[in-house]
Amino acid sequence: MTEIAYPRPYAQPARPLSMSEWVEKAAETAGLDPAHAWAAMSAALGLLHKHAQPAALQPLYDAVEGAELLARSDEAKPTAGGGLFGGVLKSAGGVSGQAMADAMGALDRMKKQGVSSDALKRLLPAARQALEAATGRDVLGQAIETVPGLGGLLGARPQA
């Protein structure tokens with residue numbers, strides 16, 4: 001018999017990180033400049049805001065002061081992109097396809113701003129680690145896991 005996992009109540013951190021603190025910590029760990037890290041983190045938050053389950057996002061928003069405001073901003077809003085393949089994913093892939101098409105658009109935007117996919121591969125796990133160190137919980141990972149198909153792009157850890 002499979003055991004059902006229910007969301008656990010969570011304790012808010014004593015003092016939330018500011019968005020700037022979170023980005024700076026992640027940027028330093030990943031070896032990126034803060035401006036590129038900010039652009040990438042805003043895109044990731046925008047994707048999560050659009051596609052993750054709201055209940056999974058709330059602990060993240062509670063842990064990082066300004067994260068929800070940034071996630072709702074025009075700066076973070078996913079834009080159309082991803083070329084022909086992104087369009088095919090969007091029309092044929094259901095909810096997961098829409099998320100993947102939006103992620104491809106975000107990746108295109110990041111490349112235009114000078115953020116490589118290698119930099120993203122370093123930054124997003126560093127952001128997750130910094131937030132987990134501050135909160136004692138993997139609140140970013142829990143939000144990422146609610147978006148089908150985006151885990152690898154947003155730094156999800158492989159399932160054991």
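Annotations
- Any hit, the stretch 86-94, residues being open to solvent by 30 Å² or more (accessible area, probe 1.4 Å), at pLDDT 80 or above and out of contact with any strand residue (DSSP E or B) (no Cβ under 7 Å at 6 or more places or on another chain): no
- Index of the failed condition, Ser73 passing every other in (1) open to solvent by less than 50 Å² (accessible area, probe 1.4 Å); (2) at pLDDT 90 or above; (3) within 22 Å of Ala130 (Cα to Cα): (3)
- Condition check for Lys111: more than 13 Å from the chain's Cα centre (by Cα), open to solvent by 50 Å² or more (accessible area, probe 1.4 Å), within 24 Å of Glu75 (Cβ to Cβ) and modelled with pLDDT of 85 or more: yes
- Pairs where the first residue, in the stretch 110-139, is free of Cβ contacts under 8 Å to residues at least 40 places away in the same chain and the second is β-branched (Val, Ile, Thr) and buried (at least 22 other Cβ atoms within 10 Å of the Cβ), C-beta under 6 Å, 6+ apart: none
The values are calculated or read from the model by the stated rules, or taken from the named source; none is laboratory data. Nothing here was measured: the structure is a model prediction, and the numbers come from that model. Cβ atoms come from the backbone with ideal geometry, glycine included; neighbour counts cover every protein chain shown. The area values use the complete protein model at the heavy-atom level, side chains included, leaving out ligands, DNA and RNA. Shrake-Rupley method; radii C 1.70, N 1.55, O 1.52, S 1.80 Å.
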